[in-house]
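In what follows, a single structure is set out as structure tokens and then discussed.
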Amino acid sequence: MAHQIRNDTARHAYVLTVDGREVGHLSYILFAGAVDLEHTEITEEFAGQGLSGELARHALEDIRTRELKAMITCPAVRSFVNKNPRYADLVTEP
């Protein structure tokens, strides 16, 4: 299973594909200096395989690289950050 994540800026979403087929996304809202990670969705077929965590990790690494802060309204991303405190420094409140 080859998966890839890309930032689709036109859709305001990090898009996850598996073998070339879109199977999930993490939508966001861009603000000055911050990104609100608002909603993660994985197709039922691929649920429970840790892919939402992969989306969260990719998005947070991208936000760090771009020197932005992350506002997190998505419960899945909030849970990921709670389990991976190395991303806590990125989090800001809305």
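Every read-out reported here was derived from the displayed coordinates using simple, explicitly stated rules and does not represent laboratory data. Note that this is a predicted model, so its numbers are computed, not measured. Ideal geometry is used to build each Cβ from the backbone, glycine not excepted, and the neighbour counts take in all protein chains shown.
Conditions tested, residue by residue: (1) among the small types (Gly, Ala, Ser); (2) closer than 22 Å to residue 22 by Cβ.
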residue: 48; (1), (2): yes, yes
residue: 61; (1), (2): no, yes
residue: 69; (1), (2): no, no
residue: 76; (1), (2): yes, yes
residue: 81; (1), (2): no, no
residue: 89; (1), (2): no, no
residue: 94; (1), (2): no, no
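Limited to region 48-94, what total is found for residues that are in contact with a Lys or Arg (Cβ under 8 Å, 6 or more places away or on another chain) and polar (S, T, N, Q)?
So the count comes out to 2.
How many residues, within region 49-85, are small (Gly, Ala, Ser) and either closer than 21 Å to residue 30 by Cβ or touching a residue at least 60 places away in the same chain (Cβ under 8 Å) (or both)?
Matching residues across region 49-85 total 5.
Looking only at region 69-94, count how many residues are among the aliphatic types (A, V, I, L, M) and farther than 15 Å from residue 38 by Cβ.
2
Residues checked against (1) of a type outside the set (D, E, K, R); (2) in a loop (DSSP other than H, G, I, E, B); (3) surrounded by 15 or more Cβ atoms within 10 Å (Cβ to Cβ):
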| site | (1), (2), (3) |
| --- | --- |
| 11 | no, yes, no |
| 14 | yes, no, yes |
| 38 | no, no, yes |
| 57 | no, no, yes |
| 76 | yes, no, yes |
| 94 | yes, yes, no |
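What's the number of the condition residue 44 fails, among (1) surrounded by fewer than 16 Cβ atoms within 10 Å (Cβ to Cβ); (2) within 18 Å of residue 94 (Cα to Cα); (3) not aliphatic (A, V, I, L, M)?
(2) is the only condition that residue 44 fails.
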